[in-house]
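Trainee: Below you'll find the structure I mean.
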Amino acid sequence: MGRQSVGAVHSALCCCLVLSLQLLSQLPRVDSALRYRVAEEGPSDVRIGNVAADLGLSTSGIGTGDVTFALESGAEYFKIDNVTGELTTNSRRIDREKLPQCQMIFDENECFLDFEVSVIGPLQSWVDLFEGRVVVTDINDNTPSFPSPVLTLSVEENRPIGTLYLLPTATDRDFGRNGIDRYELVQDGRDGSQSSRRPASVQVGGNGGDRRRALEVGLVPGGRSSVFELQVADTPDGQKQPQLIVKGPLDREARDSYELMLRVRDGGSPPRSSQALLRVSITDVNDNNPRFERTVYEAEMAENTPPGTPVLQVRASDRDVGVNGQVEYVFGAATESVRRLLRLDEATGWLSVLHRIDREEVSQLRFTVTARDRGQPARSDRASVVLGVRDENDNVPVVEIRKIGRIPVRDGAAMVPENVLVDTPVALVQVSDRDQGENGAVTCTVVGDVPFTLKPAGETALAPPPASEDAFERNRKKFFLHTSALLDYEATRDYSVTIVAVDSGSPSLSSNSTLMVRVVDVNDHAPVFAQNLVEVHFAENNSPGERVVTVVATDADSGKNAEIAYSLDPSVNGAFYVDADNGDIRASGTLDREQRERYEFRVIARDKGSPSLQGSTTVVVQITDRNDNSPKFVQEVFTFYVKENLLANSPVGMVTVTDADEGENAELSLFVEEDEEEGSVDRGSRRPERFSIENNTGTIFSAASFDRERRSSYTFRVRAVDAGDPPRSSTATVSLFVTDENDNAPSVTAPTNESYTLLPPASGARTVVRTVSAADGDAGSNADLRFSLVGGNPFHLFEIGSSSGVITLAEPLERRHRGLHRLVVRVNDSGVPSLCTTALVHIFINESLTNATLVDAQVARSLAVPLSLDIAGDPDSERALGKQRLSVAIGVLAGAAAVILVILLVVTARHCSPQGKNGYEAGKKEPEEDFFSSQPPPAPRAGRPGPQAPPGQARRRHQQRQRGQG
């Protein structure tokens, strides 16, 4: 295959790599640990856990075969479902007690089996390796047992009651709840009848305190023992120590021995038990225990030390003498491995090598040594011994090549497809050295000119074991054998890859392994569309199943690899479907542009090769519009308020209308439809339009100004018509209300300026004199009227109601008040700004109307007098009163007549001067003519304000009043 084909393979597989990166991003970090638990001795197919779920992988790709799982190690006991990631046991049973790594476990340390699992992406575009650990839990499959079927114990006579004697402990290969749970004593036949033999048990908890229940031995006729009882105590190292307690007096001369049955039970379900004969001999007193020099002895020895080499001496001393002070050494809590590898001299306490020790099998030995004297009974002490085994470079590195992911390795050959990307892992290489430290540090390289290289497989997911455990696990390294260049089946079909591993010991040791890589031909051409983007316009309101467009893809392969099946991606949401054979895309239902006007989705063409390849193109369907929606006003009724006196062609409101269609179907024309006016004379004639509307904005304009006093509201319709074929339309009602402006001044309807009212002098205060009536063409506050007196009331005789306009008498009348009074009344509305009008109210104070002509003349003259001058009462009465006052003043001031006369002359001259005045003034008579004379009044001077009456008008009004009174 040439460079062009290699480039095509690289381009196609890059697409697959992008897709698989989405799944790869969901994988947890490589330091995620898989930990499970399983009971030993279980059957096959026991579920342990689900790797996919525990790694936190999302459901996408899981169960479809795109992401698979493979068990790279641990297949001796486990198996995994490569699709779901379910981890189960296989047919080989797990015996915890026979596992080498669990032989040195004495306490609650866990026994476990490690495994490796690989997660493989599509087309093995990526591989990730994870390590896991399955803790093997213990079941009760071992029976506890004593060191010997016959146990002996020497007890001194005359020991105090409550004296304790340590009994030999039993061992159980199980631990935890399945370990030793209780001890029981069964008395022999000489202590009573065999029919009455029954055990008494002691169970000890592990909370630090001794929980004791006594077993009574040596029955008395009442059934209770009078000699011994049993109790169990927890030792500091976690073991249960049975103890025999002296309960009653011991007399060696009466009885020198007792035989009891000591039974041990574990805590399993069901429990297991065994028993031994306990022979108790009564001896003389030995009251000192041996004592070790140290409680813990530590030493180190090299592995492969020859047998017989001394390692460590333990020493204990006893203050007794004779046989009671003679100390012998024996193993205490020690495994079979310790007893097999080491020898303990009973007399000297020397520990020596019995068999060669391999550090790779045993890195440390822990056990206890018991020192006991030869007294009767023997006394003992216990010391712990820790022996470390030092490493020697005696192991060559081990190179193991295994499959990884979907690339199989058979008979030393890996089958690698030619389309794998550069840097693709094709095999797992594991190198290890059972030595420790520098002796176990291994480097690994690929030799030869081959397109492969080694890369670390990542840090292990499990924490490295402590130094005291198997160093083989710590020195194990894993590498992926990656491709360093593209593979071409047509160029090279086989590669021989040699991997060399060298440790760092002195001298160094090395080893190598060879892997044959065979390149496999694959389906490496994907279907291709002629266009990457297909755009099509499709009308709405179509029939279901109507064809939208046909897409066609081609494949350069042949046979099954060139057979193409078409499909749509899920984003189409069922709006379209495609014929898998010919690529016809059809609409599933009726499309509505107003709901969605554009669809974009991918069409996928997948060949039938293995593995299948695919190509895709994007289809854009633009839904074109049909006129299937009428215009719609945002409101059915629009209400606007405008001020009266608005200028013609001013905007009075705006309507909003929309059309869900587009283009010409949404181009709207607006019309005003006015109702015929009521009372129209000529219904056939066309009246001018009162309103118009602007198409672009929907603004309504008035053709003329408004006068609220003539018409306060208008109602008409606005019609919207689109430009579709056929057109659609709709209407809305417009209600227009004209608001008032203060454009009308008040008008006085009564009384008229020429009229007068006769008021008798005897009228009292609060007498209603006259009511001023006024009207205003405006409305609201603009028509709220207020009345006030602004002139002609110098004596404050009259008052007017501010809202009613009723004029009443405020003060009693006097002689001087008789005559004609002219009141100036101003009427204001409450508008802003306020408008007003002025009215004249004439009141003639007298007992009767004897000379109406004279009163009419005075009223006519009043209309010509400026409003700034007051007309109020009889001027002669005021003048007489002035003379009387002058006479009194002269009589009082006779001594200063000359001076006062001059002052009076000056004052009188200034008071009576006519300059700057024109009209009637209260208490003063005009110099030229008499106000009450029947002569007609002179014409007012030019420029002087005030109401005027035409000649003869007063006379005619007087005549009319006389006729009315008659």
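The values are calculated or read from the model by the stated rules, or taken from the named source; none is laboratory data. Not measured: the values here are computed from a predicted model. In this analysis, Cβ positions are derived from the backbone assuming ideal geometry, glycine residues included, and neighbour counts consider all displayed protein chains.
Trainee: Please work out if Asp740 is within 30 Å of Asn629 (Cβ to Cβ), in contact (Cβ under 8 Å) with a residue 12 or more places away in the chain and of a type in the set (Asp, Glu).
Mentor: Here the answer is no, as Asp740 does not meet what is asked.
Trainee: Does Leu736 meet the test of being touching a strand residue (DSSP E or B) at 6+ places or on another chain (Cβ under 7 Å), modelled with pLDDT of 85 or more, among the aliphatic types (A, V, I, L, M) and buried (at least 19 other Cβ atoms within 10 Å of the Cβ)?
Mentor: Yes; evaluated as a whole, the condition is true for this residue.
Trainee: Additional query: Given (1) among the small types (Gly, Ala, Ser); (2) at pLDDT below 75; (3) under 19 Å from Arg265 (Cβ atoms), identify the lone condition not met by Ser148.
Mentor: Of everything listed in (1) among the small types (Gly, Ala, Ser); (2) at pLDDT below 75; (3) under 19 Å from Arg265 (Cβ atoms), Ser148 misses just condition (2).
Trainee: I'd like the residue in segment 48-83 that is β-branched (Val, Ile, Thr), in a loop (DSSP other than H, G, I, E, B) and surrounded by 15 or more Cβ atoms within 10 Å (Cβ to Cβ) and, out of all such residues, is modelled with the lowest pLDDT.
Mentor: Here is the first cut: in segment 48-83, the ones β-branched (Val, Ile, Thr) are 48, 51, 59, 62, 64, 67-68, 80, 83.
Imposing the further condition that a residue be in a loop (DSSP other than H, G, I, E, B) reduces the set to 59, 62, 64, 67, 83.
From what is left, the residues that are surrounded by 15 or more Cβ atoms within 10 Å (Cβ to Cβ) are 62, 67, 83.
Working: Ile62: 69, Val67: 87, Val83: 88.
Ranking the qualifying residues of segment 48-83, first place goes to Ile62.
Trainee: Report, by residue number, each residue of segment 540-566 that is surrounded by fewer than 16 Cβ atoms within 10 Å (Cβ to Cβ), of a type in the set (S, T, N, Q) and within 23 Å of Asp524 (Cβ to Cβ).
Mentor: Within segment 540-566, Thr554, Ser558 meet the criteria.
Matching residues to (1) within 27 Å of Thr64 (Cβ to Cβ); (2) more than 40 Å from the chain's Cα centre (by Cα):
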| position | (1), (2) |
| --- | --- |
| Ala530 | no, yes |
| Ser543 | no, yes |
| Thr550 | no, yes |
| Asn573 | yes, no |
| Phe576 | yes, no |
| Arg593 | no, no |
| Ser610 | yes, yes |
| Thr617 | yes, no |
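Trainee: Also, quick follow-up: Considering each residue of segment 591-636, count those that are within 30 Å of Val734 (Cβ to Cβ), in a loop (DSSP other than H, G, I, E, B) and among the hydrophobic types (A, V, I, L, M, F, W, C), and give that number.
Mentor: 1
Trainee: Continuing with this model, one more query. Regarding segment 595-618, can at least one residue be identified that is farther than 29 Å from Asn582 by Cα, of a type outside the set (D, E, K, R) and in the same structural domain as Asp584 (by TED's automatic domain parsing)? Please lay out each step first, then the result.
Mentor: Our first condition is that a residue be farther than 29 Å from Asn582 by Cα; within segment 595-618, this holds for 595.
So of that shortlist, the ones also of a type outside the set (D, E, K, R) come out as 595.
Narrowing the set further to residues that are in the same structural domain as Asp584 (by TED's automatic domain parsing) leaves 595.
Yes, the conditions are met somewhere in segment 595-618.
Trainee: Which residue is modelled with the highest pLDDT, if the candidates are limited to segment 482-500 and must be surrounded by fewer than 14 Cβ atoms within 10 Å (Cβ to Cβ) and not small (Gly, Ala, Ser)?
Mentor: Step by step, filter segment 482-500, then rank; the result is Asp494.
Trainee: Right, next: For the structure I just gave you, tell me whether Arg586 is under 28 Å from Gly65 (Cβ atoms) and either part of a loop (DSSP other than H, G, I, E, B) or not assigned by TED's automatic domain parsing to the domain that holds Gly65 (or both).
Mentor: Numbers: under 28 Å from Gly65 (Cβ atoms): no; either part of a loop (DSSP other than H, G, I, E, B) or not assigned by TED's automatic domain parsing to the domain that holds Gly65 (or both): yes.
No.
Trainee: Could you go through segment 445-465 and let me know if any residue there is of a type in the set (A, V, I, L, M), farther than 30 Å from Tyr36 by Cβ, modelled with pLDDT of 85 or more and in contact with a Cys (Cβ under 8 Å, 6 or more places away or on another chain).
Mentor: yes
Trainee: What's the number of the only condition in (1) among the charged types (D, E, K, R); (2) at pLDDT 85 or above; (3) more than 43 Å from the chain's Cα centre (by Cα); (4) surrounded by 15 or more Cβ atoms within 10 Å (Cβ to Cβ) that Glu644 fails to meet?
Mentor: Every listed condition holds for Glu644 apart from (2).
Trainee: Another question, if that's okay. What number of residues within segment 312-371 satisfy the criterion of being part of a loop (DSSP other than H, G, I, E, B) and aliphatic (A, V, I, L, M)?
Mentor: 8
Trainee: Suppose we keep only residues that are touching a Gly at 6+ places or on another chain (Cβ under 8 Å) and assigned to a strand (DSSP E or B) within segment 505-560. Which one would you say is farthest from Asp488 (Cα to Cα)?
Mentor: If we take residues in segment 505-560 being touching a Gly at 6+ places or on another chain (Cβ under 8 Å) and assigned to a strand (DSSP E or B), then Thr550 is farthest from Asp488 (Cα to Cα).
For every residue, the table says whether it meets (1) of a type outside the set (A, V, I, L, M, F, W, C); (2) touching a Ser or Thr at 6+ places or on another chain (Cβ under 8 Å); (3) within 24 Å of Val353 (Cα to Cα).
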| residue | (1), (2), (3) |
| --- | --- |
| Asn288 | yes, no, no |
| Phe292 | no, no, yes |
| Ala299 | no, no, yes |
| Gln313 | yes, yes, yes |
| Asp318 | yes, no, no |
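Trainee: Being part of a loop (DSSP other than H, G, I, E, B) and in contact (Cβ under 8 Å) with a residue 40 or more places away in the chain is the filter; apply it to segment 254-269 and report the residue that is surrounded by the fewest Cβ atoms within 10 Å (Cβ to Cβ).
Mentor: Ser269
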